[in-house]
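So the structure is just underneath, and the comments pick up after that.
FYI, it's all coordinate maths here, none of it is from the lab. The model shown is predicted, which means the values in this text are computed figures rather than measured ones. Here the Cβ is made from the backbone with ideal geometry for all residues, glycine too, and neighbour counts use every protein chain on show.
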Amino acid sequence: MNIEELREYCISVKGATEGFPFDEKTLVFKVMGKMFAYVGLEPKDGIFKVNMKCNEEKSAALREKYQGVERCIHTTSLTWNVVCLGSDVPDDLIKGLISHSVDEVIKGLSKKKQEEYRSM
């Protein structure tokens with residue numbers, strides 16, 4: 001998956017918005033005003049890396065199985081992963097992880113906000 005495909009998939013998520021709340025180099029994707037993914041627009045060592053929310057158990061398993069999944073160094077939480085685009089992580093899995101990230105964000109909302117999201 002390349003960066004353009006990643007963006008297209010993220011903005012196709014129900015209710016997704018995109019913006020630059022931190023700086024002009026970090027594209028952030030949100031649902032219901034909460035981040036589910038962000039990506040630097042300047043590759044590091046030629047590699048684009050997307051940060052996504054993920055439950056801790058799944059995070060650990062992914063990091064063990066794929067070289068292209070790393071712990072997010074920007075947060076102290078174990079609930080964020082970094083996925084290297086163009087690595088050993090299959091495109092279908094990246095899409096699944098984006099969906100999982102959205103699900104994790106929605107689960108963290110109030111019941112009222114969850115219902116609002118589901119009724120969109």
**Item:** Interchain or long-range residues, amide H under 5 Å from Phe36's placed H
**Value:** Phe29, Lys30, Val31
**Message:** At 0.36 nm per residue, and after removing the present C-alpha to C-alpha distance, how many nm does the segment from Ile11 to Asn55 gain when stretched out fully?
**Reply:** 13.7 nm
**Overall Cα dimensions of the chain - principal axes, largest extent first, Å** = 42, 32, 27
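To the nearest 0.05, what FRET efficiency results for Ile47 and Asp103 with a Förster distance of 30 Å applied to their C-beta separation? Spell out each step's value before the answer.
Working: r = 26 Å, r/R0 = 0.87.
Computed FRET efficiency for Ile47 and Asp103 comes out at 0.70.
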**Request:** May I have the extent of the alpha carbons of region 10-81 along their three principal axes, as whole Å values ordered from largest to smallest?
**Result:** 31, 29, 24
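Give the relative contact order (percent, whole number) for region 3-118; include only Cα pairs under 8 Å separated by 6+ residues.
Details: 172 pairs, mean separation 24.8, N = 116.
For region 3-118, the relative contact order is 21 percent.
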**Request:** Please give, to one decimal in nm, the separation of the simple spin-label points placed at Glu18 and Glu4, each 7 Å out from Cα toward the Cβ.
**Result:** 1.2 nm
**Fill in**
Whole-Hz Karplus couplings 3J(HN,Hα) for region 97-113, θ = phi - 60° and coefficients 6.51, -1.76, 1.60, Gly and Pro as x, run 5, 5, 4, 4, 4, 4, 4, 5, 5, 5, 4, x, 7, 5, 4, 4, 5
**Message:** Over the Cα atoms of region 53-120, what radius of gyration and what Dmax do you get, in Å?
**Reply:** 13.3, 39
**Message:** If I fit a long axis through the Cα atoms of helix 56-65 and take the longest principal axis of the Cα atoms of the chain, what angle between them do I get, 0 to 90°, rounded to 10?
**Reply:** 20 degrees
**Complete:** Computed ³J(HN,Hα) along region 4-19: with the Karplus parameters 6.51/-1.76/1.60, θ = phi - 60°, integer Hz and x for glycine or proline, the list is 5, 5, 4, 4, 4, 5, 5, 6, 7, 5, 3, x, 6, 10, 10, x
**Message:** List residues of region 17-54, by number, whose backbone nitrogen lies under 15 Å from a label position 7 Å along Cα→C-beta of Leu78.
**Reply:** 54
